[in-house]
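Before any comments, here is the structure.
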Amino acid sequence: MKLVTLILFLVFVSLTGKTQTSVTNTRTISVEVLKDKISGGWAGKMLGVTFGAPVEFKAQCKTFEDPITWVPSDVIGSKEQDDLYVQLTFLMTMDQCGIDAPAKKFQELFAKAGYQLWHANVQARKNYFDSIFPPQSGHPDFNIHADDIDFQIEADYIGFMCPGMPQTARKLADKVGHIMNYGDGVYGGIFIGALYSNAYFESDIAKLIGKALLSIPAEGDYAKIVKDVILLHQHYPADWRASWKELEAKWGSVHICEAGSTFNIDAKLNGAYVVMGLLYGDGDPHKTMEITARCGEDADCNPSNAMAVLGVMKGFSGLPKEYQEAVQNMGDTLFIHTSYSFNKAVRQTMKYARELAVKNGGIANNSELKIKIQTPHPFKPEVAFPKLVFDHKVTVFEKEDWQFKGKWANYKCQDEDNNNKILDEAKFSSQPGDEALLAFKGTGVSVCGNWMKDCGKADIFIDGKLNRTIDEYFGCANQIQTDMDLYHITGLKPGKHTLKVVVKGEKRPEASAANLYLSKAIVFKTGDKKNEKYKFSFQKFEK
């Protein structure tokens with residue numbers, strides 16, 4: 001019997017010229033449709049970010065109710081948006097070093113790029129020059145912005161190049177996302193990427209969101225807030241504002257970054273707004289962008305993600321004609337500090353999509369792509385700052401809390417474009433041995449100051465013991481950063497503690513001076529990160 005089987009196999013090979021490579025559980029997509037959907041994704045990203053740009057953070061802890069003025073030709077502004085240029089740098093990294101480039105190489109290229117960065121991204125950039133590399137560069141020990149939105153807004157290219165392959169997208173996102181984020185910050189990128197990956201073959205928005213949830217841990221807060229939006233939509237199917245109010249009541253004050261302010265760049269809250277826009281937008285591009293933007297907070301990034309989901313789902317040809325024409329008119333325009341345009345992004349994404357499909361068991365030819373459909377498997381859950389909540393802030397000018405020894409002077413950062421308005425104030429010293437001492441009560445603390453070209457080093461002591469040496473020098477992209485997290489520690493035992501900063505008077509060769517700037521401290525305590533006492537008024541619908 002074995003001999004007969006072997007003979008039949010050899011006959012098959014001789015007749016076909018190849019061994020049998022049929023793929024089970026596959027979906028086939030033509031090259032034309034693949035290009036159309038990839039084009040739609042990139043176009044949606046560009047259209048959405050410019051739609052929301054005028055109202056970015058104009059509404060904090062409230063919905064935006066003023067008119068939103070936007071015309072499709074405004075898409076030209078996308079060439080200067082970090083939602084695009086960061087991930088295009090990641091594509092450039094793949095061009096130079098291959099799909100399997102190490103995370104450190106991705107970090108290096110975006111750290112050395114000439115554009116400005118913020119939050120988790122800028123901390124990851126500084127970490128690179130401080131020799132803190134992935135995954136430590138995004139770890140909460142070295143990045144207080146670990147839960148921020150950064151990777152969520154720049155993981156689109158991963159989902160675009162993984163049609164029907166959410167597990168492949170998850171693995172790529174796991175590597176790149178930990179450059180700047182951790183926990184919910186990484187889950188945001190994985191979830192968004194999974195939306196795109198599944199959108200190639202799923203046209204039902206509710207089902208699409210359910211499939212994307214399979215890529216992140218069900219027990220994590222990111223999955224929980226998305227599920228809350230789904231329940232809210234079921235209870236208030238025609239009133240997104242009612243859903244928003246319920247969501248804000250439960251989740252609106254959970255963020256560590258910018259603690260104590262109404263500014264919320266938390267990945268999961270803003271991700272919930274993306275889901276809300278998709279569910280209430282009913283597949284209509286303008287309605288989807290408008291609702292997502294009106295939810296507030298990071299109101300350009302969120303419609304950018306939502307619109308890109310529709311772009312993949314509908315394809316470029318399924319977008320309104322005026323949207324198509326506006327994007328086509330800037331087809332070869334380069335995004336700042338990159339070698340990429342819209343047209344090149346589409347070409348390269350198609351190239352990598354085909355490579356990844358074949359690498360993962362698919363078959364490609366000149367006319368179509370046969371993809372082996374994947375079932376995602378979430379990795380082990382991560383929590384950046386478990387049960388850490390804001391307690392209070394203490395500026396360096398509150399003498400009853402801070403004690404300064406030595407020759408500290410006052411510094412004022414002025415806005416030269418706005419009548420020299422004072423932006424930030426700090427104290428600074430370059431004298432070796434000068435000290436700043438803060439006594440506080442809590443389980444964590446962040447000390448803030450400035451990153452500039454005239455900065456040097458300092459030693460940080462917690463409860464009398466040397467914990468870490470920091471360096472405030474920052475000379476990237478001509479970007480001055482004031483009131484930044486210089487050092488933080490969490491997980492302390494509840495009670496009284498001391499933080500001491502000692503100026504070393506040392507600097508890097510490229511630094512113009514050895515100044516150490518201090519602006520404030522943020523004290524944290526252990527508690528509930530969300531309003532656990534709040535119960536949805538529709539719990540009976542949860543079954």
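The values are calculated or read from the model by the stated rules, or taken from the named source; none is laboratory data. Just so it is clear, the structure is predicted and the values come from calculations on it, not from any experiment. Note that we place each Cβ from the backbone using ideal geometry, even for glycine, and neighbour counts take in every protein chain shown.
The rows are residues; the columns are (1) among the aliphatic types (A, V, I, L, M); (2) assigned to a loop (DSSP other than H, G, I, E, B); (3) at pLDDT below 95; (4) surrounded by fewer than 16 Cβ atoms within 10 Å (Cβ to Cβ).
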site	(1), (2), (3), (4)
Ala53	yes, no, no, no
Phe57	no, yes, no, yes
Glu65	no, yes, no, yes
Ile76	yes, no, no, yes
Val86	yes, no, no, no
Met94	yes, no, no, no
Gln107	no, no, no, no
Val122	yes, no, no, no
Lys126	no, no, no, no
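Among the listed residues Gly283, Gly311, which satisfies the condition of being assigned to a helix (DSSP H, G or I), touching a helix residue (DSSP H, G or I) at 6+ places or on another chain (Cβ under 9 Å) and in contact (Cβ under 8 Å) with a residue 40 or more places away in the chain?
Gly311
Which of the numbered conditions does Gln481 fail, given that it passes all the others? Conditions: (1) surrounded by 18 or more Cβ atoms within 10 Å (Cβ to Cβ); (2) more than 20 Å from Gly442 (Cα to Cα); (3) modelled with pLDDT of 95 or more.
With (1) surrounded by 18 or more Cβ atoms within 10 Å (Cβ to Cβ); (2) more than 20 Å from Gly442 (Cα to Cα); (3) modelled with pLDDT of 95 or more applied to Gln481, the lone miss is (3).
When the residues of segment 242-261 are filtered to those that are more than 20 Å from Val383 (Cα to Cα) and among the small types (Gly, Ala, Ser), which remaining residue is surrounded by the most Cβ atoms within 10 Å (Cβ to Cβ)?
Ser243
Return the residues of segment 286-301 that are part of a helix (DSSP H, G or I) and more than 17 Å from Ile230 (Cα to Cα); say none if nothing qualifies.
His286, Lys287, Met289, Glu290, Ala293, Arg294, Cys301
Does Ala101 fit the bill of being buried (at least 21 other Cβ atoms within 10 Å of the Cβ) and not charged (D, E, K, R)?
no
Quickly run through segment 203-216 and pick out the residues that are buried (at least 19 other Cβ atoms within 10 Å of the Cβ), of a type outside the set (Gly, Ala, Ser) and either in a loop (DSSP other than H, G, I, E, B) or not assigned by TED's automatic domain parsing to the domain that holds Lys171 (or both).
Ile216 - this is the single residue of segment 203-216 that is buried (at least 19 other Cβ atoms within 10 Å of the Cβ), of a type outside the set (Gly, Ala, Ser) and either in a loop (DSSP other than H, G, I, E, B) or not assigned by TED's automatic domain parsing to the domain that holds Lys171 (or both).
Please tell me if Leu279 is in contact with a His (Cβ under 8 Å, 6 or more places away or on another chain) and within 19 Å of Pro303 (Cβ to Cβ).
yes
When segment 437-475 is examined, which residues are found to be among the polar types (S, T, N, Q) and farther than 16 Å from Lys126 by Cα?
Those that are among the polar types (S, T, N, Q) and farther than 16 Å from Lys126 by Cα: Thr443, Ser446, Asn467.
Would you tally the residues in segment 139-175 being part of a loop (DSSP other than H, G, I, E, B) and within 12 Å of the chain's Cα centre (by Cα)?
Residues meeting the conditions: 6.
Condition first: more than 14 Å from the chain's Cα centre (by Cα) and without any contact (Cβ under 8 Å) to a residue 40 or more places away in the chain. Can you find one or more residues in segment 177-198 that meet it?
Yes, that holds for at least one residue.
How many residues are outside any helix (DSSP H, G or I) and more than 28 Å from the chain's Cα centre (by Cα) if we restrict to segment 321-370?
Qualifying residue count for the region: 10.
Kindly indicate whether Asp483 is within 19 Å of Ala146 (Cβ to Cβ), in a strand (DSSP E or B), among the acidic types (Asp, Glu) and assigned by TED's automatic domain parsing to the domain that holds Glu400.
yes
Taking into account only those residues within segment 281-324 that are surrounded by fewer than 23 Cβ atoms within 10 Å (Cβ to Cβ) and of a type in the set (D, E, K, R), which is nearest to Gly41 (Cα to Cα)?
Among residues in segment 281-324 that are surrounded by fewer than 23 Cβ atoms within 10 Å (Cβ to Cβ) and of a type in the set (D, E, K, R), the one nearest to Gly41 (Cα to Cα) is Lys314.
Does Lys493 meet the test of being outside any strand (DSSP E or B) and within 26 Å of Lys387 (Cα to Cα)?
yes
Does Val229 satisfy the condition of being at negative phi and touching a Leu at 6+ places or on another chain (Cβ under 8 Å)?
In short, yes.
Can you pull out every residue in segment 231-249 that is more than 18 Å from Gly210 (Cβ to Cβ) and among the hydroxyl-bearing types (Ser, Thr, Tyr)?
Matches in segment 231-249: Tyr236 only.
Report every pair of residues separated by at least 6 positions or lying on different chains whose Cβ atoms are under 8 Å apart, first residue within segment 358-373 and at pLDDT below 95, second basic (Lys, Arg).
Close Cβ pairs (under 8 Å, with a partner that is basic (Lys, Arg)) amount to Ile373/Arg27.
Working only within segment 221-239, note down all residues that are under 23 Å from Glu65 (Cα atoms) and buried (at least 23 other Cβ atoms within 10 Å of the Cβ).
Passing the criteria: Val229, Leu232.
Look at segment 64-96 and say how many of its residues are more than 25 Å from Thr50 (Cβ to Cβ) and more than 23 Å from the chain's Cα centre (by Cα).
So the count comes out to 1.
So which residues in segment 16-49 are more than 18 Å from Ile371 (Cβ to Cβ) and either of a type in the set (Val, Ile, Thr) or modelled with pLDDT under 95 (or both)?
If the condition is that a residue be more than 18 Å from Ile371 (Cβ to Cβ) and either of a type in the set (Val, Ile, Thr) or modelled with pLDDT under 95 (or both), then Thr16, Gly17, Lys18, Thr19, Gln20, Val49 are the ones that fit.
I'm trying to understand the selection: among the residues of segment 423-464, which are under 33 Å from the mean Cα position of the chain (by Cα), outside any strand (DSSP E or B) and surrounded by fewer than 19 Cβ atoms within 10 Å (Cβ to Cβ)?
Lys453, Asp454
Which one of these is closer than 30 Å to Arg27 by Cα and among the basic types (Lys, Arg): Lys393, Lys359?
Unique residue meeting the criteria: Lys359.
Does segment 232-263 hold any residues that are at pLDDT below 95 and in a loop (DSSP other than H, G, I, E, B), and which are they?
Passing the criteria: Gly252, Ser253, Val254, His255, Ile256, Cys257, Glu258, Ala259, Gly260, Ser261, Thr262, Phe263.
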